[in-house]
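Comments concern the structure below.
The values are calculated or read from the model by the stated rules, or taken from the named source; none is laboratory data. These numbers were taken from a predicted model, which means no experiment stands behind them. For neighbour counting, all protein chains shown are included, and Cβ atoms are generated from backbone atoms with ideal geometry for every residue, glycine included.
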Amino acid sequence: MPELKPTPRPQATKAVKGMPDILPGVSERWQALEQAIRQVAAGSGYREIRTALMERTELFERGVGDGTDIVSKEMFTFSKSADAESAKRLTLRPEGTAGVVRAFIEHGLSRQPKPLRLYYTGPMFRYERPQAGRQRQFHQAGFELFGVDSPSADAELVILAKNVLDALGVTPDLYTLHVNNVGDAATRERFSGIIREALAPHAETLCEDCQLRLQKNALRVLDCKHPNCAALHTRLALPEQLQTSLNGKPAAEQYEATLALLSALKIPFERNPRLVRGLDYYTRFVFEFTVSPSAATKLGAQSTFCGGGRYNNLVSALGGPETPAVGLAFGLERLLLLMPDGCESKFAQDTAFVASVQPENALKLAQALRKQTPGRSVLVALEPKTIGKWLDQANKQGAVSAYLQGQDEAEQGDWLLKNLTTGQQTTLPQTELFN
RNA sequence: GCGAGUGUCGCCAAGAGGUCAAGGCCCCGGUUUGUGGUACCGGUAUACGUGGGUUCGAUUCCCAUCACUCGCCCCA
């Protein structure tokens with residue numbers, strides 16, 4: 001007989017870069033996080049909206065802005081047909097607001113009583129280099145408030161964010177709230193003008209990125225971290241110039257009123273005139289939660305875990321009726337890193353183990369126990385074993401109690417109930433368990 | 001897109017230019033047949049990222065490449 005060669009095992013397929021699996025042990029933490037978000041949402045009357053993971057590419061180009069980094073170089077875009085005219089191109093959503101607004105317009109949600117409060121949670125996709133606190137498939141939870149342009153509406157979003165953090169046990173010493181006013185659409189134009197004018201004479205001292213930004217997206221120059229650039233802005237008092245240019249405008253009044261509300265609610269914040277969000281749709285009030293230096297290492301090089309602001313022109317820009325709106329989004333992976341250890345323990349379940357020499361008996365008892373105590377995990381032994389083996393298995397599976405039926409008990413119609421923590425055990429007649 | 005670091009079984013981890021590459025954890029089984037979590041014994045595994053080169057010989061040296069991680073950038 002020729003020796004048989006073992007058949008080679010086929011090569012395993014690996015996960016896509018930047019798209020990690022969430023395994024048991026960690027998924028409980030995600031559940032705790034999602035539950036807190038849903039509770040907070042419900043507590044303020046926000047209702048869930050679920051939109052598709054894919055949208056027409058055009059939506060993001062128009063909504064987020066094709067000059068932004070997100071749209072110009074971070075989107076997963078593809079199409080079925082090779083000759084792909086632009087209308088057929090699809091993109092995995094890089095953020096949530098554009099899709100929500102699209103749905104808002106498409107389904108006539110603008111006709112619903114105002115204000116309309118919506119929230120969403122789910123995966124987003126951005127083609128970036130993965131690193132600590134940053135993945136290509138990552139998750140966001142966002143809140144959107146449509147139809148009201150007022151300080152209270154602005155404040156409500158900040159309060160929501162605060163409530164989520166409180167619910168998760170993320171304490172105020174771990175973060176800072178930054179706020180700014182980026183003005184209305186027209187003001188943004190003027191801002192860009194002011195920045196270009198002010199920096200034109202110094203163009204060659206700016207970093208390469210800023211020289212580019214100056215033309216494409218002048219506002220973004222403001223939050224450049226390059227030492228030369230930052231110093232230049234300070235010397236020219238650029239951020240202050242912009243804020244003063246807003247004086248007397250409605251946007252400025254509303255901004256101050258919003259901040260007054262935050263103070264009244266005892267929510268501390270820092271004015272940050274350099275704060276510029278990377279998405280083009282923001283107007284007026286914008287804010288960001290960043291980790292405080294004491295907790296900075298938790299997020300690696302990332303610092304912002306929540307950002308948002310008002311976007312009064314987005315709905316109309318995407319073809320809907322003129323509708324003011326405010327929103328915010330949390331980066332869930334980052335939030336997860338800030339959550340204290342053990343906050344998922346409330347999901348730890350009381351687990352029972354059921355085994356019988358008669359498979360039918362075990363399945364029946366398990367069903368009865370599940371009905372008696374919803375929420376408890378009832379594990380059924382799936383293979384015939386000895387009492388000792390079953391106990392061993394029950395223990396390894398994390399059970400705290402075991403219902404066992406060996407040959408003797410089966411004949412008597414009894415069950416052995418053992419507490420795996422104390423070791424105490426009692427014999428119970430079948431009838432007592434099934435009531 | 002650019003920089004840096006790392007790559008030995010599912011996880012952690014030792015190792016020298018030269019017998020069929022330690023150990024620990026996990027998993028499975030056993031220690032006289034129906035009582036676990038400890039202890040002891042035993043078992044499973046295409047494990048030296050991949051491709052070249054140097055060498056009589058490389059997992060150990062060199063080159064390339066890939067993957068992962070971290071950072072720049074950008075954002076949540």
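Things to note:
- Residue that is surrounded by the most Cβ atoms within 10 Å (Cβ to Cβ) [pool: residues in the stretch A:23-41 that are among the aliphatic types (A, V, I, L, M), within 15 Å of RNA strand B (Cβ to nearest atom) and at pLDDT 90 or above]: A:Ile37
- Scanning the stretch A:97-119 for residues that are hydroxyl-bearing (Ser, Thr, Tyr) and crowded, with 22+ Cβ neighbours inside 10 Å yields A:Thr97, A:Tyr119.
- Flag for A:Val164 being on the phi < 0 side of the Ramachandran plot and in contact with a Phe, Trp or Tyr (Cβ under 9 Å, 6 or more places away or on another chain): yes
- Scanning the stretch A:48-75 for residues that are within 13 Å of RNA strand B (Cβ to nearest atom) and touching a residue at least 60 places away in the same chain (Cβ under 8 Å) gives A:Gly63, A:Val64, A:Gly65, A:Gly67, A:Thr68, A:Asp69, A:Ile70.
- Comparison of A:Glu106, A:Glu95, A:Glu128 shows that the only residue that is farther than 29 Å from A:His178 by Cβ and either modelled with pLDDT of 95 or more or not aromatic (Phe, Trp, Tyr) (or both) is A:Glu106.
- Where A:Leu232 falls short, out of the listed (1) among the hydrophobic types (A, V, I, L, M, F, W, C); (2) crowded, with 16+ Cβ neighbours inside 10 Å; (3) modelled with pLDDT under 80: (3)
- Selection within the stretch A:250-293 - outside any strand (DSSP E or B) and of a type in the set (Val, Ile, Thr): A:Thr258, A:Ile267, A:Val276
- When we screen A:Asp69, A:Asp83 for residues that are out of contact with any Phe, Trp or Tyr (no Cβ under 8 Å at 6 or more places or on another chain), surrounded by fewer than 21 Cβ atoms within 10 Å (Cβ to Cβ), at pLDDT below 90 and within 25 Å of A:Asp280 (Cβ to Cβ), the only hit is A:Asp69.
- Within the stretch A:235-249, considering residues that are in a helix (DSSP H, G or I) and either hydroxyl-bearing (Ser, Thr, Tyr) or in contact (Cβ under 8 Å) with a residue 60 or more places away in the chain (or both), the one farthest from A:Pro201 (Cα to Cα): A:Leu246
- Residue-level check: of (1) modelled with pLDDT of 90 or more; (2) farther than 29 Å from A:Glu144 by Cβ, A:Gly327 misses just (2).
- Which listed residue is touching a Phe, Trp or Tyr at 6+ places or on another chain (Cβ under 9 Å), more than 30 Å from A:Phe125 (Cβ to Cβ), more than 8 Å from RNA strand B (Cβ to nearest atom) and in contact (Cβ under 8 Å) with a residue 24 or more places away in the chain, from A:Gln358, A:Gln397, A:Gln349, A:Gln393: A:Gln397
Okay, residues lined up against (1) more than 26 Å from A:Arg102 (Cβ to Cβ); (2) among the small types (Gly, Ala, Ser); (3) in contact with a Ser or Thr (Cβ under 6 Å, 6 or more places away or on another chain):
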position	(1), (2), (3)
A:Arg235	yes, no, no
A:Leu261	yes, no, no
A:Ile267	yes, no, no
A:Arg271	yes, no, no
A:Thr290	yes, no, yes
A:Pro293	yes, no, no
A:Leu314	no, no, no
A:Gly319	no, yes, no
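- Checked against the criterion of being surrounded by 14 or more Cβ atoms within 10 Å (Cβ to Cβ) and of a type in the set (D, E, K, R), the stretch A:418-434 has at least one qualifying residue.
- Filtered by the rule that a residue be within 8 Å of RNA strand B (Cβ to nearest atom) and in a helix (DSSP H, G or I), the stretch A:125-169 gives no residues.
- Residue that is more than 30 Å from A:Ile37 (Cβ to Cβ), at pLDDT 90 or above, away from RNA strand B (no atom under 12 Å from the Cβ) and of a type in the set (Lys, Arg), where the choices are A:Lys364, A:Lys418: A:Lys364
- Checked against the criteria, A:Ala218 does not count as surrounded by fewer than 19 Cβ atoms within 10 Å (Cβ to Cβ) and touching a helix residue (DSSP H, G or I) at 6+ places or on another chain (Cβ under 8 Å).
- From the options A:Gly122, A:Gly45, residue that is at positive phi, touching a residue at least 60 places away in the same chain (Cβ under 8 Å) and assigned to a loop (DSSP other than H, G, I, E, B): A:Gly45
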